[in-house]
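Here the structure comes first, spelled out in structure tokens, and everything after it is commentary.
The values are calculated or read from the model by the stated rules, or taken from the named source; none is laboratory data. This structure is a prediction, so every number in the text was calculated from the model and none was measured. Cβ: placed from backbone, ideal geometry, glycine included. Neighbour counts: every protein chain shown. Only protein heavy atoms, including side chains, enter the accessible area calculation; ligands, DNA and RNA are left aside. Shrake-Rupley method; radii C 1.70, N 1.55, O 1.52, S 1.80 Å.
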Amino acid sequence: MVQAYGAEAIRVLSGLEGVRVRPAMYIGSTGPEGFHHLLWEVLDNAVDEALAGYCDRIRVILHADGSATVEDNGRGIPVDIHPQEGVSALEVVMTRLHAGGKFEKTAYKVSGGLHGVGVSVVNALSEWLVAEVHREGRIYRQRYSRGVPEGPVEEIGRTQRSGTRITFKPDPEIFGEQEFDYQVVRHRLRELAFLNPQVRFYLRDERSGAEEKFHFRGGLVEFVQHLNRKREPVHRKVVYISGERDLVQVEVALQYHNGYTETLYAYVNNIHTREGGTHVVGFRTALTRALNRYLAGAEGLPKNLRVKLEGEDVREGLCAVISIRMPDPQFEGQTKMKLGNSEIKPLVESIVFEGLMRFLEENPSEARRIATRVVQAARAREAARKAREIARKKGEALEVLTAGKLAECQEKDPEKRELFLVEGDSAGGSAKQARDRRFQAILPLRGKILNVEKARIDKVLSSEEIKQLVASLGAGIGPDFDADRSRFRRIIIMTDADVDGAHIRTLLLTFFYRQMTEIIERGWLYIAQPPLYRVNEGKKDVYLKDDAELDAYLFTRALKQVKLKVGERELPSPETRTVLEHLAGLERALSELLRRGIPPEGVLILVRQGFTRADHFDDEERVRELTRVFRERGYAVGRVKPSTHRESAYEFEVTSSRGGYVSFSVGPELPTRREFREVLRYYGKLEPYLGKEVRLEVGEDTGVWEDLVSGLSSILSRVRELGRKGLHIQRYKGLGEMNPSQLWETTMDPERRTLLRVEVQDAAEADELFTTLMGEKVEPRREFIQTHAMEYRELDV
Amino acid sequence: MAGKLTRCPVCGKPVSWEENPYRPFCSRRCKLVDLDLWLSEEYRISVPREVLEDETEEVEGGKV
């Protein structure tokens, strides 16, 4: 393995003539780049010695007089007499152009200095240069002046070490008054240290006294971590791949981050190939191929990750370093910074592809994160394309409008136009008959039903429906969305009071919230309030909007026959009515929380323990105390941990399997919920009556409870039952159950209807609910839906 | 929502509402990803079939 490195290994290619005449031909320029190039050239020689395995320390010193020293602990340049040249090999290396061990593949397998031209050029362009060689126990020295030896190689002493030390001062005749830039040198040394983890680099600047050491055992992995240090990595573990084939060593490290830019550094024999080349092409091809293969084949990957990636998708947020070492690199391109060897592409591609597949297989969670990241990039690319398509095709938009789905109105002024988004075809039909066609337009939307499993169905807004909605509004979508262009100033969602209706409404609200936020912010989105109940008493019909209205109606009827006694006091009739309404309000607020997965008992524990504001969760000790209360009531309680909603606060998970699986988070977010505030409001109003025995006389019937809250539902149901006597109550499930004139009177007529304006907060809540309903298939969520799905039929916004 | 921090529906990062043209998302990117999910019909609400079947029964009088 160790070849003799003597004078015969040095081949002479040509002399130094012309270097001083045309320096730019050899070092690119005589500006700062060329000036520093001199140092890189010398440094590369030292690194080559390290690559060959003979050196592990390299020291660079920037001297006060403008000269620089590069010192290594390698074998030392040979000093014996060169067979063809008749002078020492050192002198040949230092004074003959294109002379050096690197041109003889047997001495160095790979080398970095090749993009340069050999240290002889540095010598030719230096005012003076001193080469000192420690080799075979002796110290040799030779001085040169502008490339010309001042004398033969001298032996100046004895040594224990080996190595080469080159000190040179760039010639001011060539470069003018330039200095080595500490930051530039430092940057290159750090880069070399990342690329060559086996080598320690030392830098000293005698002008400023600065001194640094660079040594990164982690190599490329550490390089990538360094590049990503100010970013948020998508996956923790850096992907590292290495392999060797046909004397070519390939090393790659990569890690995705949350940003959009690509950071890619590619090196060939330590040379930064800024223009890329065949190694980079091979790498990119392998990356796209491997990730596509993974997405197509990995088990348990959600369907929405099955996407075909394009090259640009895998580049976004990529931070990668490629380093290859090879004999005979061919550099092309304007600045000779591009690798041209065509055999390298397939070689790098196959090593990277295999390595990446192995990594993805062995690191499933990192793989999943990477997949999610690149799929998002693909999705964004797709969405931008589709949005442009939808927005651009004016003709198609018109087609949608004339295809009969949208029932247009006559009015042209957007301020006066109303668009009803009506769920279902039959309801759409009666809405079309009921409307005032002068200013009310109707777009029926039904959602699309997908049968994915026997036991359940999935509901989506079809892409066709979204296109129709976008076309009807005329305000574009995606990057082109412009609320000012909306053809309607009132957009009214009108859905049935059933599960289907609730789902379409949730989907639509979520869609508007996310993609047409400004429509909501401007107050243009409404929800129609069709009556929920029709109450028939003899010949009289009454329409009631919701449960609260129905309760008020029933309580009025029942009140004459109800006596409510709290403690020792019998409440007068108006007070009884108020108490009943507050109880009903509390019941509604609790059941709304239950729909969101929080059982009434849990809520009442919080209220009674005084956890009524977010900052009440700041006291860790109190929160721990609270977990004890939950535990005593038979709930399983998770660890108390810092809250994700409020920095200073704590939270914990509570799980119960009583009466259906329930799991919810108890923390500072809860008291901020609207429903929770409602609970508090009603609870506060009822407070003066609590803690006292309750006696309710309903006609003949008398019931006794410990307290109003513990009797909550039975008290209410007794009163309701009485109030209901002699009534026929119809609960509308669908708009289609109303005839057109009823629908007009109760819901659409601007003179009589009430509309609920959607606030951003409402839509945000719908989004939250939507997220709970659609999120990835996680078992607890499924059980949650099964337990509470019945409640969703009354979903409010 | 003024001054309120929400979370980006796509990536979960905290999002400021003010002066954020991509609200409620953190970035153009996430907003586009979301749009693509809508247009490829990936956003689904999943319902147990029996819930829908229960709906067909007539509900007489009062609360369900």
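Just for segment B:29-47: of the residues that are among the basic types (Lys, Arg) and within 7 Å of another protein chain (Cβ to nearest Cβ), which one is surrounded by the fewest Cβ atoms within 10 Å (Cβ to Cβ)?
B:44
Among (1) part of a loop (DSSP other than H, G, I, E, B); (2) modelled with pLDDT under 90, which single condition is residue A:655 missing?
Among (1) part of a loop (DSSP other than H, G, I, E, B); (2) modelled with pLDDT under 90, residue A:655 violates only (1).
Residues of segment A:560-589 being open to solvent by 10 Å² or more (accessible area, probe 1.4 Å), closer than 30 Å to residue A:772 by Cβ and not acidic (Asp, Glu), which ones?
A:582, A:588
Please go through segment A:509-529 and pick out each residue that is over 32 Å from the mean Cα position of the chain (by Cα) and open to solvent by less than 10 Å² (accessible area, probe 1.4 Å).
A:527, A:528 - these are the residues of segment A:509-529 that are over 32 Å from the mean Cα position of the chain (by Cα) and open to solvent by less than 10 Å² (accessible area, probe 1.4 Å).
Just the residues that are touching a helix residue (DSSP H, G or I) at 6+ places or on another chain (Cβ under 8 Å) and either open to solvent by 50 Å² or more (accessible area, probe 1.4 Å) or away from chain B (no Cβ under 14 Å) (or both), please, taken from segment A:543-559.
Of everything in segment A:543-559, those that are touching a helix residue (DSSP H, G or I) at 6+ places or on another chain (Cβ under 8 Å) and either open to solvent by 50 Å² or more (accessible area, probe 1.4 Å) or away from chain B (no Cβ under 14 Å) (or both) turn out to be A:543, A:556, A:557, A:559.
Report, by residue number, each residue of segment A:44-62 that is in contact with a Lys or Arg (Cβ under 8 Å, 6 or more places away or on another chain) and open to solvent by 30 Å² or more (accessible area, probe 1.4 Å).
Of everything in segment A:44-62, those that are in contact with a Lys or Arg (Cβ under 8 Å, 6 or more places away or on another chain) and open to solvent by 30 Å² or more (accessible area, probe 1.4 Å) turn out to be A:51, A:54, A:56, A:57, A:59.
Would a scan of segment A:346-366 turn up a residue that is at pLDDT below 95, in contact with a Phe, Trp or Tyr (Cβ under 6 Å, 6 or more places away or on another chain), part of a helix (DSSP H, G or I) and of a type in the set (D, E, K, R)?
Looking through segment A:346-366, none of the residues is at pLDDT below 95, in contact with a Phe, Trp or Tyr (Cβ under 6 Å, 6 or more places away or on another chain), part of a helix (DSSP H, G or I) and of a type in the set (D, E, K, R).
For residue A:711, state whether it is free of Cβ contacts under 8 Å to residues at least 60 places away in the same chain, buried (at least 17 other Cβ atoms within 10 Å of the Cβ) and within 23 Å of residue A:595 (Cβ to Cβ).
yes
Take segment A:302-349 and flag every residue that is small (Gly, Ala, Ser) and surrounded by fewer than 16 Cβ atoms within 10 Å (Cβ to Cβ).
Correct list: A:311, A:333, A:340, A:342.
Given the criterion touching a residue at least 12 places away in the same chain (Cβ under 8 Å), loosely packed, with under 14 Cβ neighbours inside 10 Å and over 21 Å from residue A:592 (Cα atoms), identify the matching residue among A:636, A:649.
Selected residue: A:636, the only one of A:636, A:649 that is touching a residue at least 12 places away in the same chain (Cβ under 8 Å), loosely packed, with under 14 Cβ neighbours inside 10 Å and over 21 Å from residue A:592 (Cα atoms).
Count, please, the residues in segment A:675-708 that happen to be without any contact (Cβ under 8 Å) to a residue 60 or more places away in the chain, part of a strand (DSSP E or B) and under 23 Å from residue A:608 (Cα atoms).
Matching residues across segment A:675-708 total 2.
Could you list, in sequence order, all residues of segment A:557-577 that are part of a helix (DSSP H, G or I) and either among the acidic types (Asp, Glu) or touching a residue at least 40 places away in the same chain (Cβ under 8 Å) (or both)?
Listed by number, the residues that qualify are A:557, A:558, A:561, A:575.
Taking the condition of being crowded, with 16+ Cβ neighbours inside 10 Å and either more than 11 Å from chain B (Cβ to nearest Cβ) or assigned to a loop (DSSP other than H, G, I, E, B) (or both), how many residues in segment A:717-738 meet it?
10
Exactly one of these conditions fails for residue A:598: (1) outside any helix (DSSP H, G or I); (2) surrounded by fewer than 16 Cβ atoms within 10 Å (Cβ to Cβ). Give me its number.
Unmet for residue A:598, out of (1) outside any helix (DSSP H, G or I); (2) surrounded by fewer than 16 Cβ atoms within 10 Å (Cβ to Cβ): (2).
Which condition from (1) open to solvent by 40 Å² or more (accessible area, probe 1.4 Å); (2) at pLDDT 95 or above; (3) outside the structural domain of residue A:69 (by the TED database); (4) touching a strand residue (DSSP E or B) at 6+ places or on another chain (Cβ under 7 Å) is the one that residue A:222 breaks?
Going through (1) open to solvent by 40 Å² or more (accessible area, probe 1.4 Å); (2) at pLDDT 95 or above; (3) outside the structural domain of residue A:69 (by the TED database); (4) touching a strand residue (DSSP E or B) at 6+ places or on another chain (Cβ under 7 Å) one by one, residue A:222 breaks only (4).
Checking residue A:463 against (1) facing another protein chain (nearest Cβ under 9 Å); (2) open to solvent by 50 Å² or more (accessible area, probe 1.4 Å); (3) polar (S, T, N, Q): exactly one of these is not met. Which one?
Status for residue A:463: all satisfied but (2).
For every residue, the table says whether it meets (1) open to solvent by less than 10 Å² (accessible area, probe 1.4 Å); (2) more than 9 Å from every other protein chain (Cβ to nearest Cβ); (3) within 19 Å of residue A:529 (Cα to Cα).
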position: A:469; (1), (2), (3): yes, yes, no
position: A:473; (1), (2), (3): yes, yes, no
position: A:483; (1), (2), (3): yes, yes, no
position: A:496; (1), (2), (3): no, yes, yes
position: A:499; (1), (2), (3): yes, no, yes
position: A:503; (1), (2), (3): yes, no, yes
position: A:507; (1), (2), (3): yes, no, yes
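For segment A:406-430, give me each residue that is surrounded by fewer than 15 Cβ atoms within 10 Å (Cβ to Cβ) and touching a residue at least 40 places away in the same chain (Cβ under 8 Å).
Hits for segment A:406-430 are A:415, A:416.
Would you pick out the residues in segment A:146-164 that are under 59 Å from the mean Cα position of the chain (by Cα) and either over 18 Å from residue A:72 (Cα atoms) or part of a loop (DSSP other than H, G, I, E, B) (or both)?
Result: A:146, A:147, A:159, A:160, A:161, A:162.
So, in segment A:265-280, how many residues would count as being buried (at least 21 other Cβ atoms within 10 Å of the Cβ), in a loop (DSSP other than H, G, I, E, B) and either out of contact with any His (no Cβ under 9 Å at 6 or more places or on another chain) or at positive phi (or both)?
2
Taking interchain pairs and intrachain pairs at least six residues apart, which have beta carbon atoms under 8 angstrom, with the first residue in segment A:265-290 and within 16 Å of residue A:315 (Cα to Cα) and the second among the basic types (Lys, Arg) and in a helix (DSSP H, G or I)?
Partner pairs satisfying both residue conditions: A:279/A:345; A:281/A:345; A:282/A:345; A:284/A:315; A:285/A:345.
Starting from segment A:169-180, keep only residues that are assigned by the TED database to the domain that holds residue A:29, then list their pairs with residues that are open to solvent by less than 10 Å² (accessible area, probe 1.4 Å) and of a type in the set (Asp, Glu) whose Cβ atoms are within a distance under 9 Å, requiring at least 6 positions of separation or different chains.
A:180/A:205
Can you tell me which residue is modelled with the highest pLDDT among those in segment A:739-770 that are open to solvent by 60 Å² or more (accessible area, probe 1.4 Å) and within 14 Å of another protein chain (Cβ to nearest Cβ)?
A:759
So which residues in segment A:165-189 are part of a helix (DSSP H, G or I) and open to solvent by less than 50 Å² (accessible area, probe 1.4 Å)?
A:172, A:174, A:175, A:182, A:185, A:188, A:189
When you check residue A:533 against the structure, is it closer than 29 Å to residue A:746 by Cβ, open to solvent by 20 Å² or more (accessible area, probe 1.4 Å) and either aromatic (Phe, Trp, Tyr) or in contact with a helix residue (DSSP H, G or I) (Cβ under 6 Å, 6 or more places away or on another chain) (or both), yes or no?
no
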